[in-house]
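These notes concern the structure reproduced below.
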Amino acid sequence: MTTQGTLLKSELRARLPENLPRRLGVAVSGGGDSVALLSLLKHIAQEEQVELFVATVNHNLRPEAVAEADWVAQLAQGLGLPHETLHWQGWDQTGNLQDRARQARYQLLSDWARDKQIGAIALGHTADDQAETVLMRLARAAGVTGLSGMPAMRNYQGIMLLRPMLGVTRQQLRDYLAKIGADWIEDPSNHDRRFDRIKARDALTGLSEIGISAHSLSRVAENLAQAREALEQITQDSARQVLSVDGGDICVDRAQFSTLPAEIRRRLLTGCVRWIAGRGYPPRQAATDRALLAIDQGEAATIGGCLLIPKADKMWICRELNAVESAPGAPGQIWDGRWILSGPAIPDAQVHPLGAAGLKAVPDWRALGKPRAALLASPSVWSGEVLVSAPMVGFSNGWLAELTPEEPEFHSSVLSH
């Protein structure tokens with residue numbers, strides 16, 4: 001290995017977990033970044049007796065993608081590594097293409113890893129990618145979390161996503177590949193200015209005159225990541241003091257909540273919403289500001305598929321009925337992304353939100369001390385028009401409603417939102 005390769009390998013190894021999983025996946029598109037990643041990880045894997053598995057995602061958006069995936073398959077074969085091409089057929093010409101493709105890519109890769117019993121996947125993001133991410137988020141007036149960029153390690157549906165090259169530039173990697181005589185594929189979309197990332201890439205070139213570079217912005221992201229970690233720890237500590245969990249809902253002590261710094265209040269609220277309604281993107285800042293004002297003034301509000309319901313000196317945060325009333329499910333399957341209901345076998349049983357009709361069939365619900373609106377979206381079991389069970393309101397009838405094993409305990413979840 002060349003001197004440059006040895007230095008790059010040391011940089012990568014320093015950013016990987018101390019103990020690598022015995023089976024490690026590598027996402028390789030054929031571009032210079034991922035090809036260099038594969039080459040360097042091959043040396044690390046040999047030294048540490050780690051099995052490498054290679055995957056390429058074909059988004060089926062360009063005709064050249066088939067040949068590119070075949071090229072990666074031949075590259076992996078030449079290195080003696082197993083390779084698989086994963087296909088996405090989900091683009092329906094709506095929404096943000098790059099965002100939809102990214103989400104699909106992570107889903108395909110995580111499904112592949114679980115199927116192969118692979119504990120982690122290495123991704124080829126570089127310091128340049130990190131710098132572009134910071135610039136794009138700066139344009140959206142992002143806060144500490146957004147400007148901390150992409151994390152070096154991230155748990156995605158039980159699979160660790162690793163980005164060991166965030167301290168290395170594209171040029172360093174291409175210089176390394178040239179030294180060892182390796183080829184790679186240039187993606188034409190890397191020059192398509194319809195995409196914000198490409199505009200950010202071009203802008204970064206112009207910023208070099210005032211000393212702003214991929215390395216400096218990547219370092220800024222690392223500094224802010226440390227600040228984010230400190231804020232997350234304070235947020236978790238605050239959550240234990242001012243928030244309590246009741247079933248799948250959150251009860252806020254408004255008086256204690258109001259004494260917290262604005263940033264911590266914001267993080268707590270978005271953490272509540274994402275725990276209850278799903279772990280997609282957090283609510284927009286304007287919606288968050290309106291909801292925080294509602295908590296302060298003790299007024300009802302909606303945010304991100306959740307209801308804010310004032311009661312005495314508390315504020316309840318729960319699922320909004322409108323967000324789930326058209327989503328029937330089957331017992332034993334995940335409902336609303338986080339509930340599983342199980343009980344006696346009933347052939348035509350379906351899971352629905354309780355709703356007003358169901359609540360009428362449970363006359364003792366007031367004894368729970370929760371607002372009526374907080375119960376309407378709770379999961380229940382129906383047989384046709386007949387309510388079979390409503391475990392969250394004390395009418396279990398032999399049934400149990402549980403959060404999925406993947407749903408984190410709330411007070412720990414605020415560390416990962």
*Given a 1.4 Å probe, how much area per residue of region 120-217 is accessible, in Å²?*
48
*Backbone HN-Hα couplings from phi across region 96-111 [Karplus 6.51/-1.76/1.60, Hz, Gly and Pro as x]*: 7, 4, 5, 5, 4, 5, 5, 4, 5, 4, 5, 5, 4, 5, 5, 4
_Positive-pole candidate from 40, 213, 295, dipole of the chain, charges at beta carbon_ = 295
*Long-range amide H contacts for residue 87: which residues qualify at under 5 Å (H placed 1.01 Å from N, peptide plane, sequence gap of 5 or more or a different chain)?*
58
*Might you report the magnitude of the Cβ-based charge dipole of region 103-196 about its Cα centre, with Lys and Arg at +1 and Asp and Glu at -1, to the nearest 20 debye?*
260
*Per the 1.4 Å probe, what fraction of the accessible area of the chain, in percent, lies on carbon and sulfur atoms?*
52
*asked:* If amide hydrogens are placed 1.01 Å from N in the peptide plane, which non-local residues have theirs closer than 5 Å to the one on residue 396?
replied: 390
*Once the Cα gyration tensor of region 229-347 is diagonalised, what are the square roots of 5 times its eigenvalues, in whole Å and ordered largest first, as equivalent ellipsoid semi-axes?*
28, 15, 14
*Take every Cα-Cα pair in region 349-417 and report what % of them are more than 19 Å apart.*
39
*Could you tell me how many degrees, from 0 to 90 and to the nearest 10, lie between the Cα long axis of helix 32-48 and the main elongation axis, the longest principal axis, of the Cα atoms of the chain?*
90
*asked:* What value in Å³ per residue do you get for the convex hull of the alpha-carbon atoms in region 145-248?
replied: 184
*What ³J(HN,Hα) values, in whole Hz, does the Karplus curve 6.51 cos²θ - 1.76 cosθ + 1.60 give for region 60-67 when θ = phi - 60°, with x put for Gly and Pro?*
6, 10, 9, x, 6, 5, 5, 5
*What ranking do 24-31, 381-388, 356-363 get when scored by the average of other Cβ atoms within 10 Å per residue, highest first?*
24-31, 381-388, 356-363
*Mind computing the radius of gyration and Dmax over the alpha-carbon atoms of region 70-199? Å is fine for both.*
16.3, 46
_All lysines inside 30 Å of residue 42 as judged from Cα atoms, apart from same-chain residues fewer than 8 positions distant_ = 9, 116, 179
*Which order, highest average first, do 297-303, 129-135 follow once you tally other Cβ atoms within 10 Å for each residue and take the mean per peptide?*
129-135, 297-303
*Using amide H atoms built 1.01 Å from N in the peptide plane, name the residues 5+ places from residue 185, or on other chains, whose amide H lies under 5 Å from its own.*
31, 32
*Provide the per residue accessible area, probe 1.4 Å, for region 1-74, rounded to a whole number of square angstrom.*
44
*Under 27 Å from the Cα of residue 370 - lysines, other chains or at least 8 residues apart*: 311, 314, 360
*Average projected area [Cα convex hull, region 119-195], square nanometres*: 6.9
*q = 0.18, 0.19, 0.20 Å⁻¹: log10 I(q)/I(0) that the Debye formula gives for region 1-140, counting C-alpha atoms only*: -1.14, -1.24, -1.33
*Could you size up the charge dipole of the chain around its Cα centre, putting +1 on the beta carbon of Lys and Arg and -1 on that of Asp and Glu, and report it in debye to the nearest 20?*
620
_Antiparallel versus total DSSP beta bridges in the chain: what percent is that, nearest 5?_
70
_From the gyration tensor of the Cα coordinates in the chain, what semi-axes in whole Å does the equivalent ellipsoid have, largest first, with each one equal to sqrt(5λ)?_
44, 26, 19
*Using the per-residue mean of other Cβ atoms lying within 10 Å as a proxy for protection, in what order, highest first, do the peptides 194-200, 164-170 fall?*
164-170, 194-200
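The values are calculated or read from the model by the stated rules, or taken from the named source; none is laboratory data. As the structure is a computational prediction, the values presented were derived from the model and not from experiment. Quick reminder, even Gly has a Cβ in these numbers, built from the backbone with ideal geometry, and neighbours come from all protein chains shown. What goes into the accessible areas is simple: the full protein's heavy atoms, side chains included, and nothing from ligands, DNA or RNA. Shrake-Rupley method; radii C 1.70, N 1.55, O 1.52, S 1.80 Å.
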